[in-house]
2 protein chains.
Amino acid sequence: MEGLKEEIVRKLHDLGKFGNDPDGGVSRLLYSKSWVEAQNAVKAWLEKEGFEARFDEVGNLFGTLIGTKSDETILTGSHIDTVKNGGLYDGQYGIVAGIIAINYLKEKYGQPLRNLEVVSMAEEEGSRFPYTFWGSKNIVGIAKQKDVETIADFNGISFEEAMKETGFHFKDESKGMRKDVKSFVEIHVEQGSILEAEKKSVGIVQSIVGQRRFSVQLTGDSNHAGTTPMGHRRDTVYAASQMISEIITMAKEVGDPLVTTVGNIEVKPNMVNVVPGKTNFTIDVRHIDKNEIVQYTNKVKNTIATRAKEHDVEAEIDMWLDIDPVPMDAKIVKVIETVCNVNDLNYKMMHSGAGHDAQIFAPVVPTAMLFVPSHKGISHNPAEHTEPEDLAEGVKALIGTLYELAYKE
Amino acid sequence: MEGLKEEIVRKLHDLGKFGNDPDGGVSRLLYSKSWVEAQNAVKAWLEKEGFEARFDEVGNLFGTLIGTKSDETILTGSHIDTVKNGGLYDGQYGIVAGIIAINYLKEKYGQPLRNLEVVSMAEEEGSRFPYTFWGSKNIVGIAKQKDVETIADFNGISFEEAMKETGFHFKDESKGMRKDVKSFVEIHVEQGSILEAEKKSVGIVQSIVGQRRFSVQLTGDSNHAGTTPMGHRRDTVYAASQMISEIITMAKEVGDPLVTTVGNIEVKPNMVNVVPGKTNFTIDVRHIDKNEIVQYTNKVKNTIATRAKEHDVEAEIDMWLDIDPVPMDAKIVKVIETVCNVNDLNYKMMHSGAGHDAQIFAPVVPTAMLFVPSHKGISHNPAEHTEPEDLAEGVKALIGTLYELAYKE
């Protein structure tokens, strides 16, 4: 596959021009001008390559290579939108890889048995509006108009207004998932450093983690830092420091693949010389096993309650996100593993710690997912990078997989 | 002393009208319109009572009752400025108490041996400009023009511009402290809850605490909360939580009167789903014994260094404040104690955990300080309150003390 690396990199850069930021990076938010330009560029590319290209109601773009058995479709692709000031790889690599892979298959093997279709999904990141997976949720028929009707972007432009301005509109909610789609395979950058650390080019995802997110609000007393003896204090930072320390230590004791992050802390009044009367912090917990999440988060709640009592502070715990883990389809995972072995690809079985469109498809359609490495795990950042060799190895794995799914009986 | 309580409360409310906030509280920042009005109101009151009243160069207001031995002065008073949205007691109580006390002495005992003088100091809080003790530092001759030349308020108005607009100007720096001042006695609200908790009306301050303040900057790696296994993290919130927990626990082990506060925490990027790559926090340490401060803060530095190493994060520690404890004059303290015993006042020997103008005077002039209780320790807040009975007990202690200092040989 000569020139494969170069072709992938060139296409990523070409697409990356739509929404390129002055200081590097890509900002391509849902229904923005650069988003429209990027989708149109993908459409033009698809048409040039002989795909049958079309948008759905909300702006997901599909390109199909028709098979002889045209009522069955093997779908691949990812999302076209980016975070604000994101990189060249997150999302668009999956689209570029899909088009190049299907092109390769068409040139080498001709018309497939089943339709081979690539999708450039409208939205996954939730970066413009407080809503994620708009693209894939519409494809599988679980997006609800009422969930986006009242939301607006940072400039006050409503979701509906932004959508309609680009010529798209809400989908008929009575329409479910298309019946012809038999498999979905997504390829994406890892957004973590495991593949790089283990010197692997390809990750085969077995499961996407479940998540729980909590906000913890501690209330004590704000007091003068000089005139309040230690024994008279209801110090929420002291209480929080012990809670956080124990919560994270407990997570380490449970061990991989459990991860726990306290990423946000807000202290009030947040002044050097005032004992802090309020401290809020968040907890993000992920694991591939729901039972482990439940057991661990129960321990977290107990720890918070115990420490709050000891410190005489009030603690409110709000669980505002609770997503179950999503296993990938075991049969397709097996197919991919065989493909990697036959083609001598350097792969690792792993899970995804991040959310992906694949988790929206998986409950409805047999779904699988491939990763390529992210240098230093850098993600959602102009500095995100994957070595061209690894980008090509990922496409090779995708080619082999799509061949098995679309050309074999 | 009939009507004393009522007189104090009335005068506090009268003065509190200058800078009163729409929703309650007082905001009387240095050189503001309400500040000018308040100083002029005090001047008018002093003149009405027969004091000789005058401003110094920078706006400190003095009112003198001339003694027969007119080259010796006993000074009392406090600051007229407040924090933004402060209360009725912090600062102005010391001025009101001083005027009422001297009036009482004049009416009861006539002309004193030494001059009795009350001062309404221009500034102590540092609420408009990033500079504290402007009033007392000018009186003792340690204020430096260069220290305020480049500072401005939140509206960009320079210190000098604000001062000159009110008709004041820099003092000749070659002029030191006046030679006639033989003692300074300040009365102030405690800003803590010790007197209230112990049901005491008067505190006799033996020492004002020393302070050290630190900023700690931790640098690790910002990573994806889902894709970064616990063992791959350089999590600054985890490191900070252990440091803070240990620092405060160590302070409790050292015991009173050591106090340590972590009042400010800043996390970056401070997002629920990102392992935080930067965490900064402050440490405020106070004790009446410099050696205890040094020993304890050395332990703090060791703890931070040890934990930083364990967590593989970089730690920078910056000590940006280092003030020595200031003992009050033992002879005057003894005088006050005797006065309280003779007059059957319900008092407690204690230290001040907050800074006060008295600490600026103490190195230059024999200085002492009295406290009255602060309800619930509330300070720098419209809700600050002291019971009228306690306000009166404080004035009685001040009367007795000024009598001993100004009328006795």
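Just so you know, all these numbers are worked out from the coordinates, no wet-lab data involved. This is a predicted model, so every value here is computed, not measured. Methodologically, a virtual Cβ is constructed for each residue, glycine included, from the backbone with ideal geometry; neighbour enumeration extends over all protein chains shown.
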Ranked from fewest to most other Cβ atoms within 10 Å of their own Cβ, A:Ile204, B:Ile399 fall in the order B:Ile399, A:Ile204
Surrounding charge for B:Asp172, neighbours by C-beta under 15 angstrom, Lys/Arg +1, Asp/Glu -1, total +3
A correct Karplus calculation of ³J(HN,Hα) over the stretch B:107-121, with 6.51 cos²θ - 1.76 cosθ + 1.60, θ = phi - 60°, whole Hz and x for Gly and Pro, returns 5, 7, 10, x, 5, x, 5, 9, 4, 10, 9, 10, 10, 10, 6
The long-range amide H neighbours of A:Val189, using H built 1.01 Å from N in the peptide plane and a cut-off of under 5 Å, are A:Gly91, A:Val372
Among A:Lys48/A:Lys182; A:Lys252/A:Lys309; B:Lys278/B:Lys299; A:Lys11/A:Lys396; A:Lys5/A:Lys144, the pairs whose Cα-Cα distance exceeds 28 Å are A:Lys5/A:Lys144
Residues whose modelled amide H sits under 5 Å from the amide H of B:Ser207, counting only those 5 or more places away in sequence or on another chain, are B:Met328, B:Ser352
Between the alpha carbon centres of the stretch B:126-192 and the stretch A:142-180 the gap in Å comes to 61
In whole Hz, the Karplus estimates of ³J(HN,Hα) for the stretch A:26-37 (6.51, -1.76, 1.60; θ = phi - 60°; x where Gly or Pro) are 10, 10, 9, 8, 3, 6, 7, 4, 5, 5, 4, 4
Spelling it out for A:Val275: with amide H atoms placed in the peptide plane at 1.01 Å from N, the residues 5 or more places away or on another chain with amide H under 5 Å from its amide H are A:Asn223, A:His224, A:Ala225
In deg cm²/dmol, rounded to the nearest 500, the helical mean residue ellipticity at 222 nm of the protein assembly as shown, built from -39500 (n - 2.57) for every DSSP H run of length 4 or more, is -11500 deg cm²/dmol
Final fewest-first order of B:Lys84, B:Lys175, A:Lys278 on the 10 Å Cβ neighbour count is B:Lys175, B:Lys84, A:Lys278
Footprinting proxy, B:Phe214, B:Phe154: sorted fewest to most Cβ within 10 Å, the residues are B:Phe154, B:Phe214
In nm², the average projected area of the convex hull spanned by the Cα atoms of chain A is 21.8
Taking max minus min of the Cα coordinates of the stretch A:71-168 on each principal axis, largest first, gives extents in Å of 50, 32, 20
Mean projected area (nm²) from the convex hull of Cα positions in the protein assembly as shown is 39.1
Within 10 Å of the Cβ of an average residue in A:231-240, the count of other chain Cβ atoms is 5
Diffing the stretch B:333-343: the Karplus 3J(HN,Hα) column from phi (6.51, -1.76, 1.60, θ = phi - 60°), in whole Hz with x for Gly and Pro, holds 4, 4, 4, 4, 4, 5, 4, 5, 5, 4, 8
Convex hull around the C-alpha positions of the stretch B:210-323: the volume in Å³ per residue is 86
If the label point sits 7 Å along Cα→Cβ of B:Val294, residues of the stretch B:317-335 with amide N under 13 Å come out as B:324-325
Checking rank on A:263-270, A:356-363, A:300-307, B:186-193, with mean other Cβ inside 10 Å and highest first, the result is B:186-193, A:356-363, A:263-270, A:300-307
Taking alpha-carbon centroids only, the stretch A:78-108 lies from the stretch A:344-409 a number of Å equal to 11
Here, chymotrypsin sites (Phe, Trp or Tyr not before Pro) of the stretch B:1-53 satisfying both criteria (DSSP loop; at most 15 other Cβ within 10 Å) are none
In terms of the alpha carbon gyration tensor, root eigenvalues a ≥ b ≥ c, rounded if a/c is under 1.5 and otherwise prolate when a/b exceeds b/c or oblate, the stretch B:1-107 is oblate
With +1 on the Cβ of every Lys and Arg and -1 on the Cβ of every Asp and Glu, the dipole magnitude of the stretch A:210-323 about its Cα centre, in debye rounded to the nearest 20, is 80
Taking Lys and Arg as +1 and Asp and Glu as -1, residues besides A:Phe62 with C-beta under 9 Å from its C-beta add up to -2
Other residues with Cβ under 13 Å from the Cβ of A:Gly353 give, with Lys and Arg +1 and Asp and Glu -1, a net charge of -1
